[in-house]
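Only the coordinates and a few stated rules stand behind these numbers; no lab work does. All values derive from a computational prediction rather than experimental measurement. Cβ: placed from backbone, ideal geometry, glycine included. Neighbour counts: every protein chain shown.
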Amino acid sequence: MPTPPSEIIPLLSAFSVAFTARTFAKALTLLYGTILAPGRRTVAAALRAVGLVSDQHFTNYHRVLNRDHWSPWVLSKMLLSLIICLCLTPDMPLILIIDDTLERRQGRKIRYKGTFYDAVRSTVHQASISLGIRWVCLAALVPVPWSQRLWALPFMVVPALSAKTSTQLKKPMRTPVDWAGFMVDRVRRWQPERDIRVIGDGGYAAIELVQRCQQLRSPVKLVSRLRLDAQLYDQPGPRPKSKRGPKPKKGAKQPHLAERLLDPTTQWQTLTMPWYSGIRRSVEFITGVSLWHRCGNAPVLIRWVLVRCPEGSPKQAHFKPAGLLSSDPTLTVEQIISLFISRWNIEITFEELRSFLGFETQRQWSDRAIERTTPCLFGLFSLLVLWAKVRHPDQLPVRQTSWYPKQSATFSDVLAAVRRDLCSSPNYASSGDNPDLLQLPKALVFSLFEMAYYSV
């Protein structure tokens, strides 16, 4: 059975509070097997990876996911605490990214499946839909010492069912925006003192979410995309004492962002700042503080930013004008744009989960197993990064070749480093002289090991 290094034992032991002793022992076995297994991440594959193919009580490991009692919310809380403890200083804000992704699943017994928009298979000209389960993911954006970019580490994942599926299962209907408000509220209760900033794409630009973030005892700062046709208003002015009736909630209507974009008299300002892919780019912007209103909702105070590419820029540098919002009007334009640009890191996490941790290869079909397996895979991504950070606080071993000098570590290097720890000499000591053993060149053995460590 693989054994982790001594420095990692306290890291793993922190999660034992969510399990009974027997369940935690089985969960660790599945953890090691899932790390070592290539291809599909099923319970059977995990047992094969740790050499338990002859275990007659293999069903006990399936029960960890579909029957045993343990709390995923406690695991989420512990994982977030470890991320903050190992990756952030006390004065750093906690930056969260909220997004949803689709796990394509089919099968008559999978009751959580529905038909959703598939962002991965869609193009600019054609939208694609797929059958599967939509997951809302909340990830912490943190720096790691061996990479130039920030990494999005998931710690809380919930399924957002379609309206049809919710009705069939007699469950309350919750949209991704509803789940986002619930998850942000829970994180605020777990971290009551820390400055929290949440980043979402256009799907989370909702007045309800802005209100929920602003009405918390310690408000959370939300940054998201804003539609160019959003209804913006002035704040209500002083009301004459002689006028009766209810006090107005908003003032005069302001032009849409789309109208400001086409107005030749708009006074644009220029800003040079870090952009996607680590480059620096000059952008033009206008900003203001307004009330955002939509029928059926009370108006909310936001800072809006309209960003466009400067005139005369090279064709390859052009990007479509975009509107952004902040629920906290005190955030600067540079902070708002930088936060929204960093949202793209969660898309990298989603892709690496599919490529290296077998996301969408699970085969559980019971409701409880589905509710647990996918969030555990997302949490495993974050746990492996923390494992690698504890073992390699300054420099992570990176796979190098003469034709491809690799500047920064990627998740494949993280997974390989953790696999090396589990397959190190204390676990697999070298054998003595034996006439039945065939001696191989050390370079060949190391090459075979490297292929195993980097297998997907």
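Could you state the number of Å between the C-alpha centres of segment 137-160 and segment 335-358?
8
Quote the FRET efficiency, to the nearest 0.05, computed for ARG294 versus ARG121 with a Förster distance R0 of 30 Å and r equal to the Cβ-Cβ distance.
Once the sixth-power term is evaluated, E becomes 0.45.
Mind checking the dipole of segment 31-129: about its Cα centre, +1 per Lys or Arg Cβ, -1 per Asp or Glu Cβ, Debye to the nearest 20?
So the magnitude is around 640 debye.
Among GLU7, GLU347, which comes first, second and so on when ranked by fewest other beta-carbon atoms within 10 Å? Walk me through the numbers before you get to the answer.
Details: GLU7 11, GLU347 16.
In increasing order of surrounding Cβ atoms, one gets GLU7, GLU347.
Provide, as a two-decimal number, the C-alpha radius of gyration of segment 155-211 over 2.2 N^0.38 Å, N being how many residues it has.
The reported ratio for this selection is 1.28.
Would you mind classifying segment 320-418 by shape? Square roots of the alpha carbon gyration tensor eigenvalues, ordered a ≥ b ≥ c; an a/c under 1.5 is rounded, otherwise it is prolate if a/b is larger than b/c and oblate if not.
Here segment 320-418 falls in the oblate category.
Using a cut-off of 14 Å between beta-carbons, work out the net charge of the residues near GLN335 (Lys and Arg +1, Asp and Glu -1, GLN335 not included).
Charge balance near GLN335 sits at +1.
First check a/c for segment 136-290, with a ≥ b ≥ c the square roots of the eigenvalues of its C-alpha gyration tensor; if it is under 1.5, answer rounded, and if not, answer prolate when a/b is larger than b/c or oblate otherwise.
Verdict is oblate for segment 136-290.
How far is the Cα center of segment 244-302 from the Cα center of segment 3-73, in Å?
50
Please rank MET156, MET183, fewest neighbouring Cβ atoms within 10 Å first, as an exposure proxy. Numbers along the way, then the final one.
Working: MET156 27, MET183 21.
If I rank by nearby Cβ atoms, fewest first, I get MET183, MET156.
Place a +1 charge on the Cβ of each Lys and Arg in the chain and a -1 charge on the Cβ of each Asp and Glu, then give the dipole magnitude about the Cα centre in debye, rounded to the nearest 20.
With Lys and Arg at +1 and Asp and Glu at -1, about 1920 debye.
What is the sum of charges around HIS293, taking Lys and Arg as +1, Asp and Glu as -1, for the other residues whose C-beta is under 12 Å from the C-beta of HIS293?
Working: positive: LYS249, LYS250, LYS253, ARG294; negative: ASP234.
Spelling it out: positives minus negatives among the neighbours equals +3.
I'm a student and want to see the number: the projected area of the Cα convex hull of segment 204-316, averaged over all directions, in nm². Don't jump to the answer; show the numbers that get you there.
On the way: hull surface 41.8 nm².
If you wrap the Cα atoms of segment 204-316 in a convex hull and average its projections, you get 10.5 nm².
Rounded, prolate or oblate, given the Cα gyration tensor of the chain, with a/c below 1.5 counting as rounded?
Because a/c hits 1.5 or more and a/b exceeds b/c, the chain counts as prolate.
Only Cα pairs under 8 Å and at least 6 apart count here; give the relative contact order of the chain as a rounded whole percent.
17
Can you tell me what share of the DSSP beta bridges in the chain is antiparallel? A percent to the nearest 5 is fine.
Numbers: 51 of 59 bridges.
Of the beta bridges lying entirely in the chain, close to 85 percent run antiparallel.
Given the pairs LYS113/LYS170; LYS221/LYS250; LYS77/LYS389; LYS170/LYS221; LYS221/LYS247, which span a C-alpha to C-alpha distance of over 24 angstrom in this model?
Going by Cα-Cα distance, LYS170/LYS221; LYS221/LYS247 fall outside the 24 Å limit.
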